[in-house]
1. Suppose the filter is polar (S, T, N, Q), more than 22 Å from the chain's Cα centre (by Cα) and at pLDDT 85 or above; does SER30 pass it?
2. If I filter region 45-85 down to residues being over 30 Å from ARG13 (Cβ atoms) and surrounded by 11 or more Cβ atoms within 10 Å (Cβ to Cβ), which single residue comes out as modelled with the lowest pLDDT?
3. Please specify each residue of region 5-31 satisfying the condition of being crowded, with 16+ Cβ neighbours inside 10 Å and out of contact with any Lys or Arg (no Cβ under 7 Å at 6 or more places or on another chain).
4. Report the residue count in region 23-69 for those that are small (Gly, Ala, Ser), in a loop (DSSP other than H, G, I, E, B) and farther than 14 Å from MET6 by Cα.
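The values are calculated or read from the model by the stated rules, or taken from the named source; none is laboratory data. Keep in mind that this is a model prediction, so the values were computed, not measured. Here Cβ is always computed from backbone atoms with ideal geometry, including for glycine, and neighbour counts include all displayed protein chains.
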Amino acid sequence: MPQIWMTYDELARLCDCNSSEARLRAIHLSLDRRKSRDGTTRVKLDLALTAKFFASVRESDFDLDSAIEALQATHRQMAELLTPQEFFDRRGAA
């Protein structure tokens, strides 16, 4: 299982609360907390919070998938405009 460390602000966004409530939640759940080199305290997510984090990432991937499909469609359209020789000449020029 990967380790995911978040600041109190990031944890607050994940849990839909403010950073003070996120800090209290971390203390209540006895989550590991460490001060990073940048001076910011980070909290190690437990299994339930990690699952919630991955679920939130999966929900946002639909927009990413659409962007990738649009980019691939644009690439196909641009490649169709070139003759096969022009396409190979341009690949070698990069």
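1. Working: polar (S, T, N, Q): yes; more than 22 Å from the chain's Cα centre (by Cα): yes; at pLDDT 85 or above: yes.
Taking the combined requirement at face value, the residue satisfies it.
2. Among them, the one singled out is LEU82.
3. Residues satisfying the conditions are GLU10, LEU11, ALA12, ALA22, ARG23, ARG25.
4. Just the residues of region 23-69 that are small (Gly, Ala, Ser), to begin with: 26, 30, 36, 39, 48, 51, 55-56, 60, 66-67.
From the residues that got through so far, the ones that are in a loop (DSSP other than H, G, I, E, B) too are 30, 36, 39.
Within this subset, residues satisfying the condition of being farther than 14 Å from MET6 by Cα are 30.
Count: 1.
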